[in-house]
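Computed from the coordinates by the stated procedures, all read-outs in this text should not be read as laboratory data. Computed from a prediction, not measured in an experiment: that's the story for all the values here. Don't worry about glycine lacking a Cβ; one is built from the backbone with ideal geometry, like all the others, and counts go over all protein chains shown.
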Amino acid sequence: MKKHYLLLLFFMSAYFGHSQQKNKITYEQLKEYEGSYEYINKTTLKIAASPKDTTLYAIINESKYPLKATEKDIFQNMLKENVTFLRNKTGAITGYSSEGNTYNLLNKKVIFPKEMWYPRLNVTKDYKYAYVAPKKDPLDGLATGTIENSGLDKALLNEMMQKIVNGSYPNVHSVLIIKDGKLIFEEYFYEYNKTKLHELRSATKSFVSALAGIAIDKRLIKSKDETVLSYFPDYTFKNLTDDKKEITIEDLLTNESGLDCDVSNPKAEGNETAMNNSDDWIQYTLDLPMISTPGGNGMYCSGNPIIMGRIIERATKMTLPDFAKQTLFKDLGIKNFQWNFKPNASSAETFCQLYLNSRDMAKLGLLYLNKGSYNGKQVISKDWIKESFTKHSDVQGVHYGYLWWLKYLEVNGVRFQGKVAQGNGGQKIYVWEDQNMITVITGGNYNAQSSSDELIQKYILPSFKK
């Protein structure tokens, strides 16, 4: 789920190339291309012109990917693939072509709200941030408080807000801090607010881990040591070896399945783009050859949690979203969510990911910080939380638990140990046990360097440096 879209049509945007355009183009000229268009796998995308940076963007779901103008009606993505807009005899845009495929314009009259381009509207040069304490919402049940006596540095938070609002840190969508059990800081940017759902990308994996723990607690799954293939007797898999037969549920959770699937290895046979466009992601992943023994090397493979999700479905005899709704989400008071868990080509652009608002994302962190307890109820066993936050493997050079990253952020030589659910674009749910704190940041820096960790390092954690 993390990088596979790098090879998709518009998912090549690790930079913003408007400042390097050879052919200058005005905002009004870019607006001519706006509209809703056909896209791959019978889906759609939108094309929008930004008045802020005079750049054309492809918007897939709610993710924005810039396109660089090269010639009239021709734009390029980062792999230098041309996206050519097509016109009829009267000169009107009718669609676009790329990589030998043609996609039609569906609707020219698409409204793009101004706030989607600016962190805050109507901000003047002399803008000064004024802290406002979060308001309690009886619908979500989170306790609220203020930053007074929290240990947080007001001056640092003010500086952080100034820089987000003035664009120094672009595409930050929300920043939330829960300290000592209370939501004390909550700010939203662009078109986001406390109720709007946000895509989690790979942070979804940590929710799958939580649901696996609940299924095991309820004895719907007997043990983390059960073999994976025992849940798929109706399948016939390629490259079937004794090692593959020994892959366990725990191996999926620690990303140590041993399958040839690693997003950091371009030579790996397993490829996320190929998986996402396949008819059955379970079949695709478990067909892969083994390159390591189960429980051996940690390799970031999005097929592992997808298989885990399907195992939960087979064990519980309900869909993964329904199981979440009846257990985890019910206990956390999460009512507003989207989760289309269908691991086949129909999910090629949505990646089977979960959509939540930022407050509900914070609840997962709070649940884990409180050792599986929420509002006095033990939702997940303490043992599962402990195991989830225990190092079982190293993935991409970082300690790894049960679909949770165990990483530190360093502030002037001091290491702050965190546990994090994270996803492409800047989605972060950090659990800071020593500080009794949760930080949630969402963002839209897809396939680019996210500022989420830097914001925490520079403006939140320094308050607790001792």
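Some notes on this structure:
- CD proxy at 222 nm, helix term only [per DSSP H run n ≥ 4: -39500 (n - 2.57); per residue of the chain; nearest 500]: -6000 deg cm²/dmol
- Charge sum, other residues only, whose C-beta stays under 14 Å from LYS52's C-beta, Lys/Arg counted +1 and Asp/Glu -1: +1
- Structural descriptor for the range 77-161: relative contact order 14 percent, calculated from alpha carbon pairs under 8 angstrom and at least 6 residues apart.
- Looking at the range 368-466, the GluC sites (Glu not before Pro) that sit in a DSSP loop and have at most 15 other Cβ atoms within 10 Å of their own Cβ are GLU433.
- Note on the chain: dipole from Cβ charges, positive end direction compared against ILE74, GLY258, MET308; the farthest Cα belongs to ILE74.
- Rounded if a/c under 1.5, otherwise prolate or oblate - the range 100-250, Cα gyration tensor axes: oblate
- Simple spin-label estimate for ASP394 and GLU71 in nanometres, 7 Å along Cα-Cβ: 5.0 nm
- Basic side chains Lys and Arg get +1 at the Cβ, acidic Asp and Glu get -1 at the Cβ, and with that the dipole of the chain about its Cα centre reaches some 1300 debye.
- C-alpha center-to-center spacing [the range 130-181, the range 244-263] in angstrom: 39 Å
- Lone cysteines, the chain (no partner Cβ under 4.7 Å): CYS352
- The mean sequence separation of alpha-carbon pairs under 8 Å and at least six residues apart, normalised by the residue count of the chain, gives a relative contact order of 17 percent.
- Rounded to the nearest 20 debye, the dipole magnitude of the range 335-466 is 380 debye, with +1 charges on Lys and Arg beta carbons, -1 on Asp and Glu beta carbons, and the Cα centre as origin.
- Listed by chain and number, the lysines whose C-alpha is less than 17 Å from the C-alpha of LYS46, apart from same-chain residues fewer than 8 away, are LYS31, LYS64, LYS68, LYS108, LYS109, LYS114.
- With a threshold of 25 Å on the Cα-Cα distance, the over-threshold entries among LYS42/LYS325; LYS245/LYS317; LYS136/LYS377 are LYS42/LYS325.
- The slack in the chain from THR227 to TYR27, taken as 0.36 nm per residue of separation less the alpha-carbon distance, amounts to 66.3 nm.
- Each label point was placed 7 Å from the Cα along the Cα-to-Cβ direction; for LYS42 and THR319 their separation is 1.7 nm.
- If R0 is taken as 56 Å, the Cβ-Cβ distance between VAL123 and THR241 corresponds to a FRET efficiency of 0.40.
- Overall form of the chain per C-alpha gyration tensor (a/c, 1.5; a/b vs b/c): oblate
- Shape category assigned to the range 348-392 from the gyration tensor of Cα positions, a/c cut at 1.5: oblate
- Each Lys and Arg contributes +1 and each Asp and Glu -1, all at the Cβ; summed about the Cα centre of the range 110-215, the dipole is approximately 120 debye.
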